[in-house]
Structures are given as C-alpha cells and as structure tokens.
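For reference, the structure discussed in these notes is given below.
The values are calculated or read from the model by the stated rules, or taken from the named source; none is laboratory data. Keep in mind that what you see is a predicted model, and the values were worked out from it rather than measured. Neighbour counts run over all protein chains shown; Cβ positions are idealised from the backbone, glycine included. Only protein heavy atoms, including side chains, enter the accessible area calculation; ligands, DNA and RNA are left aside. Shrake-Rupley method; radii C 1.70, N 1.55, O 1.52, S 1.80 Å.
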Amino acid sequence: MVAQTADEAVGAGDEFALAGARLVLDCAGALYWPAERMLIAADLHLEKGSSFAARGVPLPPYDTRATLALLSEIVGRWNPRRLVLLGDSFHDRRGAERLGPLERGQLADLMRGREVVWVAGNHDPDPMPGLGGTPAEELRVGPLVLRHEPSAHPVTGEIAGHLHPVARLVVRGRALRRRCFASDGARLVMPALGAYAGGLNIRDAAVAGLFAGDFAAHLVGGARIYRFAHHACLPDR
C-alpha cells in the first residue's frame, strides 16, 4: 500500500486531544501539555554508546551529548514548569555514573528551575543517584496517566513510551522511515528521543495490538508533524 499525501501537516507543534486534555505534539518528538506547563519525553537511552562500548561494540561516544542537546532545544521552546521523562532515560542502571562533565552540565542546565520526574523504565528501574529530580513508577495528573510501558488492557488517557514507534511510508515515490507518535485518541505511545534508540514499526503486533481499531501515526518531520492512518503505513520488509 502506498501513501501519497499526509492527512495533515502542521507547524512546530500539532494540537492533539487525549481524554479531554489538550496537548501539543512537538515536532522533535516530545509532548507538551500547556494547561500543566508540562513537557513529556520518552526513552532517551542516555549512555547507550558507552554501554555498548563496555561490551566490546564500538559506537561513537556522542549519543548522550546529541540527545541532551535535542532535549534542551525542546525545553527552550516550551519553558515547562515540569519535565517528565517516561523511563529508559538511561540505557542501564549505571548510566549516570558514566556521564562526562559536559553531559552533566547539559543535564543540570535543562533541569534548573523546573521540577523533573524520572519515571522508572525497564532499563533504569531504580533511581539514579546524584541527579536530582523525583523518581516515580508512574504519574497521574488529571485525566491522564503517564508510565513507561503501555498497559496490556484497553485504557483511556494513557501516555507511554517503551516501544519506540516508527512508521514506514512511500511518499511521492520516496521511501522513508521516521519516528512517530501512535494514537487512537484514547491512548498515546511516544516516540523515542534517544539518538541511538532505534524503532519498532507501528504495523508490528506489539504496537498495533494496543489499539482496538483505527489509529494514526503522527510522524516527526523536523519542522512539522505529519499524520497518516496506520493502514497507509507499510510493514518492514
């Protein structure tokens, strides 16, 4: 199946309603809740490069720097009162210990003057020492619940990460594969923000199985968000 045009293309943020809450899908892959002045990001996987290097897999050691630079750009765009990181913020339990001085400074700068909530993920289930902020298993605010892993049962108002959704399409004869938000209007799965995070196709059962019927892929496009029906997206070969 080939997609020719997006259902919708908007500017730096796409307004989006979930369980009565008005949200903005940020064009870089985060989520902003204006009424709460809350910025939400998922799956930073900081220090994944150093984790792989310790196991003998050489990767350029700049992923944390790049990821924090992107997050800092998003924080600067919205100036949130609260920053919620939806788990797997670090790639392993000792990731914070491997932060270099520059990266520690980046993290301190973006945390300064705001509340930061570290939601537990499967890669980083325990609080990271010495970073500040507040650890949480999940966070409930108004009609929404924010957690790392999506619930296996139907739920309304859930925002989760973990699955790193991506969509694959052919647009005007050009193939592309991009990170995306996946949502049916009842629940939303966030894209991974980490530079080395990778992605899982939304046509995979782990993602598609969360939604009872139609759902949409909101592709992160740099300066825009592009929305496609899930059936217009292609499975990986």
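Here are the numbers:
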| quantity | calculated |
| --- | --- |
| Residue selected from segment 137-166 under the condition of a type in the set (A, V, I, L, M, F, W, C) and part of a strand (DSSP E or B), by the criterion farthest from the chain's Cα centre (by Cα) | Val141 |
| Any hit, segment 205-216, residues being out of contact with any helix residue (DSSP H, G or I) (no Cβ under 7 Å at 6 or more places or on another chain) and in contact (Cβ under 8 Å) with a residue 60 or more places away in the chain | yes |
| Matching residues in segment 60-98 - criterion: being hydroxyl-bearing (Ser, Thr, Tyr), open to solvent by 10 Å² or more (accessible area, probe 1.4 Å) and not in a loop (DSSP other than H, G, I, E, B) | Ser72 |
| Which numbered condition Phe215 fails, given (1) more than 22 Å from Val145 (Cα to Cα); (2) crowded, with 19+ Cβ neighbours inside 10 Å | (1) |
| Subset tally (residues that are closer than 25 Å to Val84 by Cα and open to solvent by 10 Å² or more (accessible area, probe 1.4 Å)) for segment 218-237 | 7 |
| Close pairs from segment 20-46: first closer than 13 Å to Val141 by Cβ, partner part of a loop (DSSP other than H, G, I, E, B) and of a type in the set (Lys, Arg), Cβ under 8 Å, at least 6 apart | Glu36/Arg81; Arg37/Arg81; Met38/Arg81 |
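Table: residues versus (1) closer than 27 Å to Leu39 by Cβ; (2) part of a helix (DSSP H, G or I); (3) charged (D, E, K, R).
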| residue | (1), (2), (3) |
| --- | --- |
| Arg168 | no, no, yes |
| Arg178 | yes, no, yes |
| Pro191 | yes, no, no |
| Tyr196 | yes, no, no |
| Val207 | yes, yes, no |
